[in-house]
Amino acid sequence: MCNLKRSAVLWSSGFLFLILVTMLFITLSTLAATDSSASTTTSTGYVGDETCRSCHQDKTTSYHQTAHFITSQAPTKDTILGKFFPGANILKTADTNLVFEMQSTDAGYFQKAVRTVSPTRVGHRSERFDIVLGSGRKGQTYGFWKTNLLYQLPVSYWTEIDEWVNSPGYRDGVAVYERPITPRCFECHATTFVSQTPPTNRFDKASLVLGMTCEKCHGTGREHVAKFRSASPPKPPADTAIINPAKLSRERQIDTCALCHGGGGEPITPSLSFSPGDILTNHLIFPERAADARVDVHGSQVVLMEKSRCFQATKTMTCVTCHDVHKAQRDITAFAAKCLACHKVESCGVFAKRGHEIDQQCVTCHMPLQETSLIISSVHGTKVQPKVRNHQIAIYPEAHAE
């Protein structure tokens with residue numbers, strides 16, 4: 001038996017998001033990012049969601065059902081969506097001598113690459129599923145630790161086809177274990193961590209708080225908790241030492257979402273430097289785009305929303321005009337009520353033909369699902385790309401009400 005030769009693969013250096021996720025297969029593209037920071041700031045003021053639950057039980061419980069909360073998790077039989085039973089646990093590749101086998105053992109979950117070198121020689125490499133990345137709405141990818149260095153595993157899971165696939169950007173037929181997971185990836189797939197760069201994928205494993213917890217958007221809670229557990233808790237309008245994004249200006253509310261849904265951005269400050277309420281462009285530089293430039297549907301929800309006539313016609317519309325971040329919103333027809341608060345269904349161009357059967361189809365027609373060009377994977381020699389909701393509210397002649 002011999003170990004597989006390790007090889008590197010080139011990938012895009014641009015940072016891409018899911019969102020998620022709601023979000024969508026956010027993780028698989030963000031792992032392609034680079035990080036220019038030499039260190040990462042972090043705070044010791046985190047208290048954790050169970051502390052939040054003691055006063056905010058309903059919101060904590062409902063939020064824990066959302067894609068944001070489960071955008072990264074520890075590996076278990078429930079959190080890994082791919083199958084491990086014989087037949088379903090194999091990914092065949094373009095190289096008939098190379099297969100990947102997913103294994104569930106008493107020691108944990110593993111991806112094993114097996115290459116037949118000759119009739120008498122078989123090479124193999126096995127690495128553990130250490131972190132699950134992605135909510136699973138579109139799919140999942142996985143990370144493994146090599147001491148305190150974190151890498152992406154070569155096999156991911158695709159929800160739509162319920163199969164193991166080559167991780168996005170990985171060449172079919174090659175076993176690659178060298179793609180690093182960087183702080184910028186975790187900034188949108190975890191609450192907090194301590195980076196120990198260089199290299200960019202070195203972390204203090206004990207510092208990592210998986211998933212996006214309450215404090216990701218509300219800021220660290222230690223001072224807030226201390227105030228309200230004191231003998232004289234504050235009363236409005238006293239400072240409560242917590243960030244309520246709903247009370248931020250429109251621009252700062254949108255910046256909070258745009259950290260991960262703003263179309264990438266090149267970091268100019270260390271990861272985790274941004275706090276809700278900050279001006280995002282003080283932390284990320286976003287590419288200049290021509291007014292008519294195509295914007296990919298993946299990870300650019302804010303950019304697309306801002307191109308919408310609905311957004312431009314009001315001074316109050318933000319992401320939370322339609323989204324309740326504390327709840328899992330899976331019924332696409334329920335969003336029609338948001339649209340019909342401003343629009344009349346009778347004014348729709350197809351109303352004369354379709355009548356009231358379109359009453360709940362606003363999003364299906366005016367924010368259609370479209371393929372992203374930024375997340376491309378392969379399985380059985382076929383290219384697969386997820387469809388993501390286009391957040392530019394517009395008229396799409398090719399879209400049809402379901």
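The numbers here are math on the coordinates, done by the rules we state, and not lab data. Computed from a predicted structure; not experimentally measured. Reconstructed Cβ throughout: ideal geometry from the backbone, glycine too, with neighbour counts over all protein chains shown.
What the Cβ-Cβ distance of Phe228 and Ser249 gives, at R0 = 25 Å and to the nearest 0.05, is a FRET efficiency of 0.45.
For Val379, the residues whose amide H sits under 5 Å from its own are Val384, ignoring neighbours fewer than 5 places away on the same chain, with H placed 1.01 Å from N.
Please find the FRET efficiency linking Gln312 to Ile268, where r is the Cβ-Cβ separation and R0 is fixed at 22 Å, and quote it to the nearest 0.05.
Numbers: r = 28 Å, r/R0 = 1.27.
Taking R0 as 22 Å, the efficiency between Gln312 and Ile268 is 0.20.
Which of Ser118, Ser271, Ser104, Ser156 comes first, and how do the rest follow, when ranked by fewest Cβ neighbours within 10 Å?
Ser118, Ser104, Ser271, Ser156
For region 250-310, averaging the sequence separation of C-alpha pairs within contact (under 8 Å, six or more residues apart) and dividing by the residue count gives a relative contact order of 42 percent. If you line up the long axis of helix 250-261 against the longest principal axis of the chain, both from Cα atoms, how many degrees apart are they, to the nearest 10? Between helix and principal axis, roughly 10 degrees. Of the residues Gly134, Gly48, Gly143, the one that moves most in a GNM of the chain with alpha-carbon contacts below 10 Å is Gly48. For Tyr177, the residues whose modelled amide H falls within less than 5 Å of its own, excluding neighbours fewer than 5 places apart on the same chain, are Ser7.
Evaluate the relative contact order of the chain (contact order divided by residue number), counting alpha-carbon pairs under 8 angstrom at least 6 apart; express in whole percent. Write down the numbers at each step before the final one.
Details: 836 pairs, mean separation 76.3, N = 402.
Across the chain, relative contact order equals 19 percent.
Here the Gaussian network model covers the chain, with springs between Cα atoms less than 10 Å apart; of Ser377, Ser195, Ser232, Ser232 fluctuates the most.
Considering only Cα atoms, the convex hull volume of the chain works out to 165 Å³ per residue. Phi angles of region 208-218 translate, via the Karplus equation with coefficients 6.51, -1.76, 1.60 and θ = phi - 60°, into HN-Hα couplings of 6, 10, 6, x, 9, 8, 3, 6, 5, 9, 9 Hz per residue; Gly and Pro are given as x. Highest mobility in the GNM of the chain, judged by mean-square fluctuation with C-alpha springs under 10 Å and restricted to Phe129, Phe85, Phe311, is found for Phe85.
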